Amino acid sequence: MEHNEPDRLSAAQMAAVRRSLANGRGALSRRSLLRASGVGALAAGGAGILSGCGIPPAKREAGAAASSDYSDQEKLINFSNWTEYIDISEDEKSHPTLVEFNKRTGIKVKYTEDINDNVEFFGKIQPQLAAGQDTGRDLINVTDWLAARMIRLGWVQKLDASLLPHAYANLSPQFRSPDWDPGRAYSYPWTGIPAVIAYNIKATRGRKVDSVTQLLDDPTLKGRVSFLTEMRDTVGLTLLDMGKDPAKVNDADYDAAINRLQKGVDKKQIRRFTGNDYTSDLDKGDIAACVAWAGDLIQLQVDNPDIRFSIPAAGYMTATDNLLVPAHARHQKNATRLIDYYYELPVAAQLAAYINYVTPVAGVASELAKIDPELAKNPLIIPDEAMAAKSHSFRSLSSKEETAYEEKFAKLIGA
């Protein structure tokens, strides 16, 4: 089956990219929830990179063909990650989990923080991948939409399950089978990134806000509600509130969700659509309730006990950042061993304690409690079973669908 990918993003997709870069997920530091949006966030010059390097049509035949592996001869892993997305020592000169991995295995990890956003990074590695060449990287960490695209293109190595005993055993059920990688044959998640409802209890005069219906229809919140400029989060939560599954969304469902949000705009229930700039308004109480990113809330609550969050009964949206071994990587076995290492409970706890994201590793609470008991009880880091069961993801979209959906969403938010 062939999957033809377009040479460049459509105008609607590029508009979504610029929104994310200006004040969406792409504008945040990684610790405060840096994640590229559904089509990625372009750093300076990124648009030029993207338009200059088309993605050719490719045929997926069960992933990338196996290439020569030098893991036994070369005890090395080249690992590309985002900035501030791993534990670091007090003197900021080393990463303790990587140091321990080296002591245990003898494998040296050359760790590089060279991912600033998904699209720019893809522009760096696409020419080598298209030419069937080694990218110089054995392990990369990219957001779900880009992971899906790379798997479709056949530019990712299928993982050796025999080297992943901890990962297979400890992967949380909510992350086990995304539609773009059923059974996790090619990827394992590094973190989960939830979009939930947040509110300022002082601004709501003690009232809890826990549904999109309240956000859109509660007259006491009129003019003090915001939704996000990230399409999958805002529309996904609205679909869930309407009893629709974002993982199975069709055009009619999508249009119904857009129309419902449009009514909220028309009657001035919705104050505005925001990127990360909702945080200051929520903190001050100018925004009483909103759709928010969980990583922001952990930090806001440190200084403002009036900031609360809720998980709608209908469910919430979660995206993931994911570890992949690129096609033609030189040290596939070593890289796979490192993936498995981060699914050992003590190691997963050490990582979660530093980056404060949803850990994809089940059973880590007792280990995290040894480091920080409060973090171990935080459902935005370790969801309980009930919360995990409410997690949903937006299905993979074709380029044609994404263009159409982003155009409609841009019109809604006035972008």
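The values are calculated or read from the model by the stated rules, or taken from the named source; none is laboratory data. Just so it is clear, the model here is predicted, and its values are computed rather than measured. Cβ sites come from the backbone with ideal geometry, for glycine too, and all protein chains shown count toward neighbours. The area values use the complete protein model at the heavy-atom level, side chains included, leaving out ligands, DNA and RNA. Shrake-Rupley method; radii C 1.70, N 1.55, O 1.52, S 1.80 Å.
Scanning the stretch 354-387 for residues that are assigned to a helix (DSSP H, G or I), closer than 18 Å to residue 173 by Cβ and in contact with a strand residue (DSSP E or B) (Cβ under 9 Å, 6 or more places away or on another chain) gives a single hit, 387.
So for the stretch 302-315 (the condition being open to solvent by 10 Å² or more (accessible area, probe 1.4 Å) and of a type in the set (Phe, Trp, Tyr)), does at least one residue qualify? Looking for residues that are open to solvent by 10 Å² or more (accessible area, probe 1.4 Å) and of a type in the set (Phe, Trp, Tyr), one finds at least one in the stretch 302-315, hence yes. The residue list 404, 369, 386, 349 contains one member that is in the same structural domain as residue 291 (by TED's automatic domain parsing) and out of contact with any Ser or Thr (no Cβ under 7 Å at 6 or more places or on another chain), which is 404.
Kindly indicate the residue of the stretch 66-93 that is assigned to a loop (DSSP other than H, G, I, E, B) and of a type in the set (S, T, N, Q) and also least open to solvent (accessible area, probe 1.4 Å) among those meeting that condition. Among those that are assigned to a loop (DSSP other than H, G, I, E, B) and of a type in the set (S, T, N, Q), it is 71.
Taking residues in the stretch 267-280 that are under 14 Å from residue 297 (Cβ atoms) and open to solvent by less than 10 Å² (accessible area, probe 1.4 Å), and partners anywhere that are part of a strand (DSSP E or B) and among the polar types (S, T, N, Q), the pairs with Cβ atoms closer than 6 Å and at least 6 places apart or on different chains are 278/226.
Entry remark, the stretch 172-215: residues being open to solvent by less than 60 Å² (accessible area, probe 1.4 Å), in a loop (DSSP other than H, G, I, E, B) and either in the same structural domain as residue 333 (by TED's automatic domain parsing) or touching a Pro at 6+ places or on another chain (Cβ under 7 Å) (or both) number 9 in total.
If you go through the stretch 107-160 and keep only what is touching a residue at least 60 places away in the same chain (Cβ under 8 Å) and of a type in the set (Asp, Glu), you end up with 117, 120, 134, 138, 144, 160. Considering 151, 201, 140, the condition of being aliphatic (A, V, I, L, M) and in contact with a Ser or Thr (Cβ under 7 Å, 6 or more places away or on another chain) is satisfied by 140 alone. From the list 313, 329, the lone residue that is assigned to a loop (DSSP other than H, G, I, E, B) and either outside the structural domain of residue 96 (by TED's automatic domain parsing) or under 24 Å from residue 236 (Cβ atoms) (or both) is 313. Go through the stretch 257-297 and give me each residue that's assigned to a loop (DSSP other than H, G, I, E, B), of a type in the set (Asp, Glu) and touching a helix residue (DSSP H, G or I) at 6+ places or on another chain (Cβ under 7 Å). Once the filter is applied, which keeps residues that are assigned to a loop (DSSP other than H, G, I, E, B), of a type in the set (Asp, Glu) and touching a helix residue (DSSP H, G or I) at 6+ places or on another chain (Cβ under 7 Å), the stretch 257-297 yields only 277. From the list 153, 139, the lone residue that is open to solvent by less than 10 Å² (accessible area, probe 1.4 Å), within 17 Å of residue 79 (Cβ to Cβ) and hydrophobic (A, V, I, L, M, F, W, C) is 139.
Residue-by-condition table, conditions (1) modelled with pLDDT under 95; (2) surrounded by 15 or more Cβ atoms within 10 Å (Cβ to Cβ); (3) among the small types (Gly, Ala, Ser):
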{"residue": "361", "(1), (2), (3)": "no, yes, no"}
{"residue": "366", "(1), (2), (3)": "no, no, yes"}
{"residue": "369", "(1), (2), (3)": "no, yes, yes"}
{"residue": "376", "(1), (2), (3)": "yes, yes, yes"}
{"residue": "381", "(1), (2), (3)": "yes, yes, no"}
{"residue": "384", "(1), (2), (3)": "yes, no, no"}
{"residue": "391", "(1), (2), (3)": "yes, yes, yes"}
{"residue": "401", "(1), (2), (3)": "yes, yes, no"}
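Go through the stretch 155-176 and report how many residues are at pLDDT below 95 and either touching a Gly at 6+ places or on another chain (Cβ under 6 Å) or β-branched (Val, Ile, Thr) (or both). Matching residues across the stretch 155-176 total 0. Listed by first and then second residue, the pairs linking a residue in the stretch 318-330 that is at pLDDT 95 or above to a residue that is open to solvent by less than 10 Å² (accessible area, probe 1.4 Å) and of a type in the set (Lys, Arg), with Cβ atoms under 6 Å apart and 6 or more places separating them unless they lie on different chains, form an empty list. Filtered by the rule that a residue be at pLDDT 95 or above, of a type in the set (A, V, I, L, M), buried (at least 18 other Cβ atoms within 10 Å of the Cβ) and part of a helix (DSSP H, G or I), the stretch 216-256 gives 216, 221, 235, 237, 239, 240.
For the stretch 281-301, a residue qualifies if it is surrounded by fewer than 16 Cβ atoms within 10 Å (Cβ to Cβ) and either among the basic types (Lys, Arg) or within 21 Å of residue 375 (Cα to Cα) (or both), and the qualifying residues are 284, 299.
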